Amino acid sequence: MEKFIIYHNPNCSKSRATLALLEENDIPVELVFYLETPLDVKQLKTLLKKLGMGVKDILRRSEPEYEELGLDDGSLAEEIVLDILSNHPKLLQRPIVVSGDRAIIGRPPENVLSLIEA
């Protein structure tokens, strides 16, 4: 079975629940603590391709930095948003689980079951 990668924040209950669900299903997991080691723009683009989403789809709008950094401005270019996200990893939706060329956001944690069953 292919190893899954989870972009993990241990302080987030959804991230912990998603990790527990993977472990309960005996899925080998590689933890990436993205707050400690933020993704660069190239890594974010790869992740977006696997998710099949745009950068604004993976932003945490509830974080104060979202408005403070002007991310509520719909006219911001994707490259600018990617650069901001790379420098402010707290704004990244969590958890994100990757398996091969597919990825999913674990909100709710049960979303990852579609990767397991694929």
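Where a number appears in this text, it was derived from the coordinates with a stated rule and is not lab data. These figures come from a predicted structure and were not determined experimentally. Cβ coordinates were reconstructed from backbone atoms using ideal geometry, including for glycine residues, and neighbour counts include every protein chain displayed.
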**Study point:** Kirkwood-based Rg to Rh ratio, the stretch 40-91, C-alpha trace
**Key:** 0.93
Review point. Listed highest first by mean packing, meaning other Cβ atoms within 10 Å per residue, what order do 94-103, 55-64 come in?
Key: 94-103, 55-64
Check your understanding: Exactly which chymotrypsin sites (Phe, Trp or Tyr not before Pro) in the stretch 31-118 are in a DSSP loop and have at most 14 other Cβ atoms within 10 Å?
Key -> Phe33
Check your understanding: Ignoring the sites themselves, what is the longest stretch of the chain with no GluC sites (Glu not before Pro) in a DSSP loop and at most 12 other beta-carbon atoms within 10 Å?
Key -> 37-118
Check your understanding: For Ser114, Ser13, what's the fewest-to-most ordering of other Cβ within 10 Å of each Cβ?
Key -> Ser13, Ser114
Review point. Taking only C-alpha pairs under 8 Å that are 6+ residues apart, what is the relative contact order of the chain in percent?
Key: 36
Review point. Among the DSSP beta bridges whose two residues both lie in the chain, what percent are antiparallel, rounded to the nearest 5?
Key: 65
Study note, to complete from the structure: Averaged over all viewing directions, the convex hull of the alpha carbons in the chain casts a projected area in nm² of 6.9
Check your understanding: Local charge sum around Val81 (other residues, Cβ-Cβ under 10 Å, Lys/Arg +1, Asp/Glu -1)?
Key -> -3
Revision key, fill the gap. From fewest to most C-beta neighbours within 10 Å, the residues Leu113, Leu51, Leu85 line up as Leu113, Leu51, Leu85
Exercise for review: Count charges around Pro28 for me, please; just the other residues with Cβ under 12 Å from its Cβ, Lys/Arg as +1, Asp/Glu as -1.
Suggested key: -3
